[in-house]
Ligand code: AMP
């Protein structure tokens with residue numbers, strides 16, 4: 001595994017960014033570009049369509065935002081750039097990162113995300129913003145109301161394109177791109193180049209340049225990863241034992257289903273008698289989701305139980321541990337989940353522990369292939385992870 005190393009050969013100054021942007025980067029403490037930034041920024045600055053294969057946590061927000069802002073005009077109060085992202089949480093993250101990059105350059109940013117009052121977003125748009133960051137559904141809504149106009153648009157960004165397509169945003173994305181001027185620049189960021197992503201790129205981009213950094217850093221090596229085999233009905237006790245042993249400063253426990261997340265939350269909040277526990281999933285009202293993320297960010301929450309859709313993209317440096325209570329259904333989700341710890345902005349080491357039942361050995365192998373690493377077993381002393389018959393089954397497997 002290669003290291004996600006912020007120190008590359010090139011400095012920001014060598015990427016073609018303006019002195020004002022370089023000053024801004026120095027102010028916010030970005031010293032050297034990450035690999036995706038070093039590779040993507042010079043290409044995006046040329047105005048060409050560009051595909052970047054990279055994950056959240058590798059610095060991709062700056063990779064697309066910095067070269068875009070360089071090309072836009074803060075004195076024109078028209079929407080010149082739109083960034084489409086799959087989730088509300090990610091839109092907010094991109095929004096706050098972008099504000100940092102813009103500093104006092106005069107750019108105004110607007111959010112267009114579902115689950116929040118639309119009138120405030122409309123008000124912001126009416127005042128005049130140059131950059132809109134949003135989820136496809138709400139963007140369509142605002143377009144239909146004619147509150148959002150894309151006729152002066154210069155740059156369209158599809159962030160986490162693979163995930164947007166997974167969620168079913170294809171028709172909305174297509175409508176939005178069709179509403180943009182044809183001579184725009186399109187930037188597409190995606191962790192994988194699955195056929196649907198390629199199809200989208202083929203249809204809506206013009207001879208895109210490819211910047212592929214996916215294989216280099218599938219999982220950052222500031223993350224120690226383990227698996228532990230356990231019977232389904234021993235998982236709850238195992239989690240308690242691991243929490244006691246690891247004493248995480250902050251931990252995200254991933255479940256496959258919303259129901260599973262709620263059930264765990266009920267149980268642990270009672271048994272641990274702690275108000276530092278919360279659950280987050282797509283069925284919760286947006287206000288509650290925001291509150292949870294805020295509390296996680298401030299360090300108030302210690303244990304968060306989450307499903308993939310909302311867990312993905314959370315960028316909080318205090319998270320010391322990820323527990324995959326349910327092994328993720330897709331290998332990509334594994335990469336996204338464990339990437340919530342050992343974040344680039346933190347120098348701290350993270351730990352990820354994946355629970356695997358005896359029947360899920362094949363799924364573990366698929367993950368190991370995907371990350372090109374054999375995971376070591378996490379050992380828990382004096383803990384019966386299996387019913388007696390399964391203990392035998394496990395020994396037979398180990399022997400053979
Ligand atoms: P992203 O992949 O855009 O979500 O970025 C992950 C985290 O890394 C964010 O907290 C960024 O602020 C931080 N980051 C991105 N690029 C750099 C850089 N060149 N130097 C330092 N921190 C960075």
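Assorted remarks:
- When the Gaussian network model of the chain links Cα atoms closer than 10 Å, the mean-square fluctuations of 22, 304, 158 top out at 22.
- Taking each DSSP H run with n ≥ 4 as -39500 (n - 2.57) and averaging over every residue of the chain yields -12500 deg cm²/dmol at 222 nm.
- Rounded if a/c under 1.5, otherwise prolate or oblate - the range 2-213, Cα gyration tensor axes: oblate
- Helix 35-45 and the longest principal axis of the Cα set of the chain meet at an angle near 20°.
- Part-to-part distance (alpha-carbon centres) for the range 299-324 and the range 165-215, which is given in Å: 28
- Rounded Å value of the spacing that divides the Cα centres of the range 362-393 and the range 218-279: 16
- Remark: 133, 118, 396 ranked as 396, 118, 133, counting other beta-carbon atoms within 10 Å and listing the fewest first.
- Look at where the Cα atoms of the range 99-119 and of the range 17-51 average out, and the two centres are 20 Å apart.
- Shape class of the range 267-356 from the Cα gyration tensor (axes a ≥ b ≥ c, square roots of the eigenvalues): rounded, since a/c falls below 1.5.
- Compared with the dominant principal axis of the Cα atoms in the chain, helix 118-127 is inclined by about 30°.
- Nearest-ten-degree value, helix 88-102 long axis tilted from longest Cα axis of the chain: 50
- Look at the Cα gyration tensor of the chain: its axes a ≥ b ≥ c give a/c of at least 1.5 with a/b over b/c, and that counts as prolate.
- Ordering of 138-145, 349-356, 366-373 by packing [mean C-beta count within 10 Å, highest first]: 349-356, 138-145, 366-373
- Just checking the listed ones, 33, 67, 19: in the Gaussian network model of the chain with Cα springs under 10 Å, the one fluctuating most is 19.
Values quoted throughout were computed directly from the atomic coordinates according to the rules given, and no laboratory measurement underlies them. On a predicted model such as this, the values are computed, not experimentally measured, just so you know. Cβ coordinates were reconstructed from backbone atoms using ideal geometry, including for glycine residues, and neighbour counts include every protein chain displayed.
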